[in-house]
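Enquirer: I have a structure here, written as structure tokens, and I will follow up with some questions on it.
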Amino acid sequence: MPKLSRYNHFHAWRDGYYLAFNARSGAVALLDSSNYSTYERLAGKIQTHATGPLTPEEEELLKQLRYGLFACDDDFSELDWLKFEHNRARFNESTLSLVIAPTMACNMACPYCYEGSKQGRMSGETMQAVIDFVKQRAGSLNGLNVDWFGGEPLLAMDIVERLSRSFIDLSETHKFEYTSTIVSNGYLLTPEIIDRLVALKCRAAQVTLDGPSRMHNRKRLLKNGKTSFDAIIRNLQSAVEKMNISIRVNVDKSFSVEVIQELVDELKQADLHKKVWVNFGMLEAATSVCSNIAEDCYGTADFSNVETEYFALLLKEGFRIQKLPAPTSVFCMAQQVGCFLIDPDGDLYRCFNHAGDKTKSAGHISAEIDFHHPEFNRLFRFDPFEDSDCRDCTILPICMGSCPARRAGRNGTPETTCDTWKYNLEPMLEIIALARQQAASAAAAAPQEKS
Ligand code: SF4
Ligand code: SF4
């Protein structure tokens, strides 16, 4: 007899349908009431170890449940399987992922920025050390992913260009895949820069908008005192034709559904709503530099509620929904031996929030990697398979213990450590299922509209 996955999530949806999700496979399915009755009968037989034969309907459903990993062999340990994949990803050195900050300088002065007013550009010597770092590993690489970060990386486009060309040359010589993405405030993402980035195999950009124009222009003033919203929107209108663009909206308690509606209206007016992905980030007082914003920040449970409301609004307004509860082997770069953030001085870090904070550096690009460095271990050592809450958690495959920096810096209650999925999986699945239905209806209607 098979068994049911511990990562199944079933709940009543609408019009008599049931929504089924398995966190290990990421499969989402809709069951009508007849299928759901079959499922309940089958689940009863499985759980009571019934010995009689299954009906043809139960056999057919079981086949489909196995396919989506909703059911597996009785002697199969899902937890062992996840642990193996987690460790494989942790110690994988055949893919190198580098977050490179060519400069820590920025053209904006955001009050919550954890990077303070750092400056500095990568020197020719450090660039060569970065290239040598990749070259030493190139023979055994399957892939190199680079995320351009800062400061504002487009203030150092010449460095992005030089390093990218070297990485592309190495990828062609050693036959590994090279891809890159960029995190930018969008002000310098002009059509000319987009063409240069695309030529350098940069396929996606994440740009931050801090709400509708009236809020964004107040919160994200340029250092010269000018506003930036209109210029960013103009840049995005060109960028969407050539790159994947996601807009991150950093949310604190000053936001509301009405505020997001204003932003949605502005994006629709700019004809961006079907061309960009919008995601919401939870503002956190990540370092002492931005501890002044702590009282304006949401905790995870409250943020999860407002995030769900905002995604429901995006769905209603015809936006595409990017946030998916996807299975992952590790939560982030901090738990992988093949991932590093490199600052303009060549210092190495394990977390986006630590860029340029020398007290958190775990070594230097030109030295041997010290995997026993305290700053390497501080974030690397947390293992969700040694944590009883995570081991028993039914969303472990899509969370994997959540952000290691939150664990390292806080007191370890679920409210401070767990991921947003812990609080909003069910309503978000409904939104995702509706988004898929809308996309399927639009695709089905498209040929009829043409004829
Ligand atoms: S440790 Fe947390 S904050 Fe740092 S990179 Fe990972 S997820 Fe992001
Ligand atoms: S951090 Fe929380 S949500 Fe994530 S796996 Fe652990 S217990 Fe589950």
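Please treat every number below as a calculation from the coordinates, not as lab data. Predicted, not measured: the structure shown is a model, and the values here were computed from it. For neighbour counting, all protein chains shown are included, and Cβ atoms are generated from backbone atoms with ideal geometry for every residue, glycine included.
Enquirer: So how do 12-19, 131-138 stack up, highest first, on mean other-Cβ count within 10 Å?
Expert: 131-138, 12-19
Enquirer: Short version: ³J(HN,Hα) in whole Hz for each residue of the range 425-441, in order, from phi by Karplus 6.51 cos²θ - 1.76 cosθ + 1.60 (θ = phi - 60°), x for Gly and Pro, what are they?
Expert: Residue by residue, the range 425-441 yields 4, 4, x, 5, 4, 4, 5, 5, 5, 5, 4, 5, 4, 4, 5, 5, 5 Hz.
Enquirer: Still on this structure, please answer the following. How high is the FRET efficiency from Phe91 to Glu59, r the C-beta distance, R0 51 Å, rounded to 0.05?
Expert: Working from the Cβ atoms, E equals 0.80.
Enquirer: Could you give the length gained by full extension between Glu295 and Thr51, i.e. 0.36 nm per residue of separation minus their alpha carbon distance, to one decimal place?
Expert: 82.0 nm
Enquirer: Rounded to the nearest 0.05, what FRET efficiency do Ser441 and Asp132 give with R0 = 56 Å and r taken as the Cβ-Cβ distance? Could you check?
Expert: Taking R0 as 56 Å, the efficiency between Ser441 and Asp132 is 0.60.
Enquirer: Could you tell me what fraction of 2.2 N^0.38 Å the Cα radius of gyration of the chain comes to, as a two-decimal ratio?
Expert: Ratio of Rg to 2.2 N^0.38 Å for the chain: 1.05.
Enquirer: While we're looking at this one, here's another question. Could you give the length gained by full extension between His364 and Glu309, i.e. 0.36 nm per residue of separation minus their alpha carbon distance, to one decimal place?
Expert: So the extension gain works out to 15.4 nm.
Enquirer: Skipping prolines and chain starts, which residues have an amide H placed within reach, meaning under 5 Å, of the one on Cys351, given they are 5 or more residues away or on another chain?
Expert: Leu341
Enquirer: Once the Cβ-Cβ distance between Glu40 and Asp271 is put in as r, and R0 is 51 Å, what FRET efficiency do you end up with, to the nearest 0.05?
Expert: After rounding, the FRET efficiency stands at 0.60.
Enquirer: So, one more: Suppose every K and R has +1 on its Cβ and every D and E has -1 on its Cβ; what is the size of the dipole of the range 1-148 about the Cα centre, in Debye to the nearest 20?
Expert: 480 debye
Enquirer: I've got another one for you. When the Karplus curve 6.51 cos²θ - 1.76 cosθ + 1.60 is applied with θ = phi - 60°, which whole-Hz ³J(HN,Hα) does each residue of the range 318-326 get, with x for Gly and Pro?
Expert: x, 6, 7, 10, 9, 5, 10, x, 8
Enquirer: A further question on this structure: Quick one: angle between helix 56-67 and the longest Cα principal axis of the chain, in degrees between 0 and 90, rounded to 10, please.
Expert: Orientation of helix 56-67: about 20 degrees from the principal axis.
Enquirer: If you average the alpha carbon positions of the range 1-60 and of the range 226-287, how far apart do those two centres end up, in angstrom?
Expert: 40 Å
Enquirer: Give me the number: length gained by fully extending Thr173 to Asp392, i.e. 0.36 nm times residue separation minus the C-alpha to C-alpha distance, one decimal in nm.
Expert: That pair, Thr173 and Asp392, stretches by 74.2 nm at full extension.
Enquirer: Something else: If you filter the range 362-391 for chymotrypsin sites (Phe, Trp or Tyr not before Pro), then keep DSSP loop positions with at most 12 other Cβ within 10 Å, what is left?
Expert: Of the chymotrypsin sites (Phe, Trp or Tyr not before Pro), the ones in loops of the range 362-391 whose Cβ has at most 12 other Cβ atoms within 10 Å are Phe371.
Enquirer: Turning to a different aspect of this structure: Of Val251, Phe376, Leu314, which is farthest on the positive side of the dipole of the range 244-391, counting Cα position, with +1 on Lys and Arg Cβ, -1 on Asp and Glu Cβ, and the Cα centre as origin?
Expert: Most positive-ward Cα: Leu314.
Enquirer: What residues of the range 307-335 lie in the reach of a label at Arg6, counting those whose backbone N is under 17 Å from a point 7 Å from the Cα along Cα→Cβ?
Expert: Correct set: 328.
Enquirer: Please give the peptides 94-103, 331-340, 42-51 ranked by average Cβ packing (other Cβ atoms within 10 Å per residue), highest first, as a rough proxy for protection.
Expert: 94-103, 331-340, 42-51
Enquirer: Please turn the phi angles of the range 363-373 into ³J(HN,Hα) values with the Karplus equation 6.51 cos²θ - 1.76 cosθ + 1.60 (θ = phi - 60°), one per residue in order, whole Hz, x for glycine and proline.
Expert: x, 10, 4, 8, 9, 4, 5, 9, 5, 9, 4
Enquirer: Once you place label points 7 Å from the Cα toward the Cβ at Glu125 and Arg234, how far apart are they in nm?
Expert: 4.1 nm
Enquirer: Another question about this same structure. Rounded to the nearest 20 Debye, what is the dipole magnitude of the chain about its Cα centre when Lys and Arg each give +1 and Asp and Glu each give -1 at the C-beta?
Expert: Charge dipole, the chain, about its Cα centre: 720 debye, nearest 20.
Enquirer: Neighbouring Cβ atoms within 10 Å as the yardstick, rank Val28, Val198, Val146, Val183 fewest first.
Expert: Details: Val28 17, Val198 13, Val146 25, Val183 20.
The fewest-first ordering by Cβ neighbours comes to Val198, Val28, Val183, Val146.
Enquirer: Also, I was wondering about something else. Helix-derived [θ] at 222 nm for the chain: sum -39500 (n - 2.57) over DSSP H runs of at least 4, divide by residue count, nearest 500?
Expert: Helix contribution divided over all residues of the chain: -12500 deg cm²/dmol.
Enquirer: Can you bin the range 2-76 into rounded, prolate or oblate? Criterion: square roots of the alpha carbon gyration tensor eigenvalues sorted a ≥ b ≥ c, rounded for a/c under 1.5, prolate for a/b above b/c, oblate for the rest.
Expert: Note, shape of the range 2-76 comes out oblate.
Enquirer: Right, here's the next one. Checking the a/c ratio against 1.5 first, then a/b against b/c, what shape does the Cα gyration tensor give for the range 66-202?
Expert: Working: a/c = 2.29, a/b = 1.67, b/c = 1.37.
Judged from the Cα gyration tensor, the range 66-202 comes out prolate (a/c at least 1.5, a/b above b/c).
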